[in-house]
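The values are calculated or read from the model by the stated rules, or taken from the named source; none is laboratory data. If you're wondering where the values come from, they're calculated on a predicted model, not measured in any experiment. Here the Cβ is made from the backbone with ideal geometry for all residues, glycine too, and neighbour counts use every protein chain on show. For accessibility, only protein heavy atoms count, side chains too; no ligands or nucleic acids. Shrake-Rupley method; radii C 1.70, N 1.55, O 1.52, S 1.80 Å.
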Amino acid sequence: MDDSLSFESFLKGARTAAQKAMDDHARGEYDEFALHGGVAFERLAKAVLVSKNPVYLVEMRNGNSDMLMYFGGDLALDGKKIRTVGAMEAIARLRRMGVLPKDEQLDQLIDLRNGTAHTTVGDEAKILLPALAENVEALLKHLDQPTGAFWGRWTSAIGAAVDKERDAIQRDVEIRIKQARHLFDDRYSEIPDALRDRLQEEMFGHQFTMAFMQVGGAFEIQVREQCPACPNTALMVFLNTEDENCPQWTAASLRCPMCHLVLGNRDELRAAGLDVAAADESFTAKVATFLIGKDPQDSLF
């Protein structure tokens, strides 16, 4: 049988595609994530099938037995004529064998990869990472293959994705923090610290510790805070939630221009390990001190 149809070849191809899928997801390229994630799972599913019996790769079509005899080792065929089972049928066979459970989200990922889903890919694929991770874990366990060797540097992010003891927000934020760290390393690990600091200042636009602006009917102040994902500073947004005579400021969001981590609400800030109550109290006290008898030219910090 062709070496490209061997267990080792399928496993290697699945590993390569899976790590590409994680890179895509981290960059927010969810169309590519669906493509590479679907390819990874199809190849891993075929690795399981061929490990059991090569004939399980046979695509049953038109009653032609040539493929059956080829995979059984009793017929030679031109490589161009060889066809294997598709992703959905490979998954269906593994489910019938009891290797995989039914999972509509995995089916949706394969549909997005195949272009058969009645939707645009984009953010639709973004939420399918846990389904991919959980089903890959089931197949790796069945094959007795180590998770670390398969996922490489993404192993800890995958661990977060399948951690059932954390709620969905905690899992999502932990994955995004790990993704942001990898993106930062990819972009800046070879750059001297001094140059990296200069780049950060240019990303902020100018030297500042605080920016005040009105957004709709609310006021917000952006201040520099330590990023939870990378060694640089991020911008934390505080919103004014009371009248201007007695302002109460609350931490609302955070974004880092260096690693592109975005935490969009207080629940996500908490999930990242930030003490939002303490931040609220400290920042409100600073604003109150600033407003009492200070020269308007003075900096808040």
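Among the residues making up the range 236-260, those that are open to solvent by less than 60 Å² (accessible area, probe 1.4 Å), modelled with pLDDT of 90 or more and either outside any loop (DSSP other than H, G, I, E, B) or in contact with a strand residue (DSSP E or B) (Cβ under 7 Å, 6 or more places away or on another chain) (or both) are Met236, Val237, Phe238, Thr250, Ala251, Ala252, Ser253, Leu254, Cys256.
Each row is one residue, and each column tells you yes or no for (1) at pLDDT below 85; (2) touching an Asp or Glu at 6+ places or on another chain (Cβ under 6 Å); (3) polar (S, T, N, Q); (4) closer than 30 Å to Ile177 by Cα.
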{"site": "Met1", "(1), (2), (3), (4)": "yes, no, no, no"}
{"site": "Ser6", "(1), (2), (3), (4)": "no, no, yes, no"}
{"site": "Met22", "(1), (2), (3), (4)": "no, no, no, yes"}
{"site": "Gly38", "(1), (2), (3), (4)": "no, no, no, yes"}
{"site": "Leu44", "(1), (2), (3), (4)": "no, no, no, yes"}
{"site": "Asp66", "(1), (2), (3), (4)": "yes, no, no, no"}
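Restricting attention to the range 1-22 and to residues that are under 24 Å from Gly148 (Cβ atoms) and in contact (Cβ under 8 Å) with a residue 60 or more places away in the chain, the residue that is most open to solvent (accessible area, probe 1.4 Å) turns out to be Arg15. When you scan the range 172-180, do you find a residue that is modelled with pLDDT under 95 and loosely packed, with under 13 Cβ neighbours inside 10 Å, even just one? Among the residues of the range 172-180, not one is modelled with pLDDT under 95 and loosely packed, with under 13 Cβ neighbours inside 10 Å, which makes the answer no.
Name the residue that is farthest from His25 (Cα to Cα), counting only residues in the range 102-127 that are assigned to a loop (DSSP other than H, G, I, E, B) and at pLDDT 95 or above.
Filtering the range 102-127 for residues assigned to a loop (DSSP other than H, G, I, E, B) gives 102-103, 115-121, 127.
Next cut, at pLDDT 95 or above only: 102-103.
Details: Lys102: 24, Asp103: 20 Å.
For the range 102-127, the residue satisfying everything is Lys102.
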